[in-house]
Every structure is written in structure tokens, then in C-alpha cells.
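Input: a single structure, listed below in C-alpha cells.
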Amino acid sequence: MSSTDLLAFLPDGWRRVPLKTTCDFAVSNVDKHSFDDELPVRLCNYTDVYKNDRVSPDMDLMAATATSQEIARFHLEVGDVVITKDSESWNDIAIPAYVEGTAEDFVCGYHLALIRPRKDVLDGRFLFRCMQSRPVALQLELEATGVTRYGLPKDAIGLAVLPLPPLPTQLRIANYLDRETARIDGLIAEKERMLALLEEKRAALISRVVTRGLGSDVPMKPSGQEWLGEIPSHWLVERAKNLFTVRDDRSDDGSEELLTVSHITGVTSRSEKDVYMFQADDKAGYKRCMPGDLAINTLWAWMGAMGISPLAGIVSPDYHVYTSKGQLLPEYVDLLCRSRPFVAEVSRWSKGVWSSRLRLYPENFFEMHLPVPPQDEQLEIIRAVETGQRKANALRDSLQLSITLAKERRGALITAAVTGQIPMEEMRG
């Protein structure tokens, strides 16, 4: 079945029409650069459209410049629809946003296409929902060309087939979908807030137990370190130099498993992640990293890009690898790397001219002071966090599944409404 076959069965009185018969459209060439001989504008950019159903001048927009001719051609008006024209992924092509506000300097930016419906035959909000629907979106996705970056030819936009009911029906469908999608979006937002609270609770638990332990009535003492505050009186505080040694063991041919170090996932196999950054062909001389080693991404340590390696492999020669001398268990160190106070202390010890270019070198890492609980307590902390994580992960998976199902229902509802599968009497209200 072709993408247009999905529009084969429309109600009586509806038509199938190419977009170009009901809309004017143009591909923007207004880039992000500013020139003295041009006029100041506020640009609606790719991310503004990709991340929002609706766009307006009230948003935090990029300042740029454009010629008077460009402003006249790509000025955004209420009722317009803007779609993504270029992307690194073919299924991110033709993501739409509805223009709900305007200003004289509000302009459609590069990598986007501006579609303006002819208001006597097509309502902008109905067009927006059509562009969100699977039958129309699929037509445009299939027309995208490219290998590593995809682009939508201008002609393909005009040839996309739309369902076209009478104008009063369009308005009723648009009103109905505005109500129903707002309700679904509210449910999704609530579940996403719950996910954020769950993550906040997880982070707070880790930060507390790795620096305070599990007991609530244990005698405390000053740690002597501002980032640690008070710690259980029987814990030690040691310089990292006394707890770790540098592993600088280099690969002979670079054939080992390549590992990556992230502030989100810690140390993982690069093959398990979608990484688009340059990767050297010759990895001879990369640093070996063994299970239980602490690997630190030198450039992004200040963001928390560090952790214990779960497997043997190699990391970039720009990273640093450390082996524990035995006082700290690897699993405890990994929890420490996930705690916010520790990450903040790593940032403090990282050196550089700009905050975005801070680096943590061994001589700085070794000057840090770390908590050293007795190993039996480290084990208790590890097990307590693992137990809490299992429960939290089950709830997180349930919430994520619920969000996925709600988004699928939202998409199905839009498609059903704009293709006439929902009786008109159900859209009253």
C-alpha cells in the first residue's frame, strides 16, 4: 500500500488534493548570520519548530538579519505552518508547527519550509493536523533524499496529497483536536514530571548515602572538606592519590572493545550507542581499561563524564584511567561519580580558561579528598542503592510505557480525525 492509499477512503464530500492547489509554499534561505546592511529579525529556527507544536514571536528566538526581500517572502503570519526540511534522520523530516502569533520581524529560518494555506479553502490549524497525520507525514518522509543528512525537495512539498473536507468540517476537526490533544498532552506532561521527580529522588539518595551512610543516628564529625560537610565519625577521608594509581597501559593494535565515557551512562561500549563524532581509524596507542577501573573523560569530567568500567576495552588516549588501591570498592566509586556534590568538586578541581573547556588532569584529581567508609558499609550502601534502583526502574519503565502509549494514541487520534474516521457528532463540544 502506498502512502497516498492511506487516504483512499474519505467521507462523501471530501477530496484528495495536492498541497500546491490549496497553499503557497517556499523554502527559506534566511541563515543565522548578521550583516550591517540588512534589517534585524527574529528567526524561527529548526529547533523552535522541532520541539514545539506552536510558534510565535513570544518565544526566545535567535536574533539575526535579513534583506527586505527575504523578510517579505518569509515573514510568518498567523495561520501559517512551518515544517522541517532538512535533518540527520529521515523520520525527522516534515515535523510541523503552527504559527499562532506574528510580528513584523518574525521570520522563517534556514532548513525550514513555510506553508501558507489559502484561507478560503484551507484552515491553517487543519493543515497543521494534516501535516502531523501519518498519511501525509509518510509521503514527505519517503521523498527525503540523502545518506548522512536528508533533505526534502521543494517540489515534493507541493505534490503531497492532503485530505480536504469542507471548510466548516475542517474547523470542527481542528477545534476537536485542539481540545483532545491538549488533554493528552496534559497527561503526558504529568507523567514526565513524575519521571523527573523519580530521577531527582534517585540522585538525592545517591548523594546522601555515599557521603552520610545509611544510618540516621550515627555520630558525625567534620570532614574538613567543604563539599563533604559532616561524615560518620568512623569514616576516613583520604587524598585520591592514596586511593588510586594511574593506568597508562597502551593498546598495541587498537583491536580491543572501544569504550565511551558519558555523564549520563558512565562507561559503556561505544558500539551500543549512537555516536556521530569522528572516530580514528587507527586506535593503536589507545589506553587499556579493565573491569573495575575508573575512567574519566578529561574534557567533560566537570559535567560528570566518568565512572567504573564494567568491561575490558580501550578509551581515547585523551582520557585518564585509574585503578583502585583497594580501599574503595568499584561499585561505591561509581555511585560517588553519580553524586552531585562529588561532580561539583570535580568541576572545582578541573582547570581551564573557559568553563566549557575545563579539564581534569591526574595531578588535580589526586589532590581531591574522598570519603572512605569501611568496606562492609560500602557493600551495604551499594546493596541499598541497588534495591532502591530496582523499584525505581520498575516505576520508570511503567511511566515511560504509559507515555509512549499516550503519544501513539495522540498520533492515531490526529490521523483518524483528519481522514474522516471519527463521526462528526463525536466532535461536538
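The values are calculated or read from the model by the stated rules, or taken from the named source; none is laboratory data. Please read all numbers here as calculations on a predicted model, not as lab measurements. Positions of Cβ are generated from backbone atoms using ideal geometry, with glycine treated the same way; all protein chains shown enter the neighbour counts. Please note that ligands, DNA and RNA were not included when accessible areas were found on the heavy atoms of the full protein model with its side chains. Shrake-Rupley method; radii C 1.70, N 1.55, O 1.52, S 1.80 Å.
Among 206, 264, 115, which one shows the highest mean-square fluctuation when the chain is modelled as a Gaussian network with alpha-carbon springs under 10 Å?
264
Would you kindly find the accessible area of residue 16, with a 1.4 Å probe and non-protein molecules such as ligands, DNA and RNA excluded, rounding to the nearest 10 Å²?
Answer for residue 16: close to 130 Å² accessible.
Beyond 32 Å, what share of the Cα-Cα pairs of the chain remains, rounded to the nearest whole percent? Provide the component values of the computation, followed by the final result.
Details: 50487 of 91806 pairs.
Every Cα pair in the chain considered, those over 32 Å come to 55 percent.
Have a look at 55, 126, 161 and report the one farthest towards the positive end of the charge dipole of the chain, computed about the Cα centre with Cβ charges (Lys/Arg +1, Asp/Glu -1).
126
Based on Cβ point charges of +1 for Lys and Arg and -1 for Asp and Glu, what charge dipole magnitude is obtained for segment 305-429 about its Cα centre, in debye rounded to the nearest 20? Could the numbers behind the result be given before it?
On the way: 15 positive and 14 negative charges, 88 e Å.
In total the dipole reaches around 420 debye.
Please calculate how many Å² of accessible area segment 313-422 carries per residue, with a 1.4 Å probe and no DNA, RNA or ligand atoms counted. Mind dumping the intermediate values first?
Numbers: 5370 Å² over 110 residues.
Result: 49 Å² per residue.
Can you compute the FRET efficiency between residue 39 and residue 386 using 1/(1 + (r/R0)^6), with r the Cβ-Cβ distance and R0 = 45 Å? Round to the nearest 0.05.
Numbers: r = 60 Å, r/R0 = 1.33.
Between residue 39 and residue 386 the formula returns 0.15.
Could you report segment 107-153's accessible area per residue, 1.4 Å probe, as an integer in Å²?
Working: 1820 Å² over 47 residues.
The answer is 39 Å² per residue.
Can you tell me the length gained on complete extension of the stretch residue 59 to residue 89, counting 0.36 nm per residue apart and subtracting the Cα distance?
Length gained between residue 59 and residue 89: 8.2 nm.
Which of the GluC sites (Glu not before Pro) across segment 324-398 are loop residues per DSSP, with 16 or fewer other Cβ within 10 Å?
Details: sites: 331, 345, 363, 367, 377, 380, 386; in loops: 367.
Hits after loop and neighbour filter: 367.
Taking the Cα-to-Cβ direction at residue 241 and at residue 8 and moving 7 Å from each Cα, how far apart do the two end points lie in nm?
That separation, rounded to one decimal, is 7.7 nm.
Given a 1.4 Å probe and every protein chain left where it sits, what share in percent of the accessible area of segment 69-136 is carbon and sulfur? Intermediate results must be reported in sequence, preceding the final value.
Working: 1140 of 2450 Å².
Here it works out to 47 percent.
Using Cα positions and a limit of under 17 Å, work out the lysines in reach of residue 407, with same-chain residues fewer than 8 apart set aside.
In chain and number order, the partners are 51, 191.
Below 18 Å, Cα to Cα, which aspartates and glutamates can residue 391 reach? Residues fewer than 8 away in the same chain don't count.
Hits, sequence-local ones excluded: 192, 199, 200, 380.
Given the protein chains as shown and a 1.4 Å probe, how many square angstrom of residue 233 are accessible, to the nearest 10?
Accessible surface of residue 233 is approximately 50 Å².
For the chain, with a Gaussian network of springs between Cα atoms less than 10 Å apart, report the residue from 37, 178, 249 with the top mean-square fluctuation.
Maximum fluctuation in the GNM of the chain, among the listed residues, is at 37.
When the solvent-accessible surface of protein heavy atoms is calculated with a 1.4 angstrom probe, in what order do 169, 84 fall, highest first? Write out the running numbers ahead of the final one.
Details: 169 30, 84 0 Å².
Order by accessible area, largest first: 169, 84.
To the nearest 10 square angstrom, what accessible area does residue 318 show with a 1.4 Å probe?
About 110 Å², rounded to the nearest 10.
Multiplying the sequence separation of residue 203 and residue 248 by 0.36 nm and subtracting their Cα-Cα distance, what value in nm do you get? If you can, show how the numbers build up before the last one.
Working: separation 45, 0.36 × 45 = 16.20 nm, distance 3.16 nm.
Stretched fully, the residue 203-residue 248 segment lengthens by 13.0 nm.
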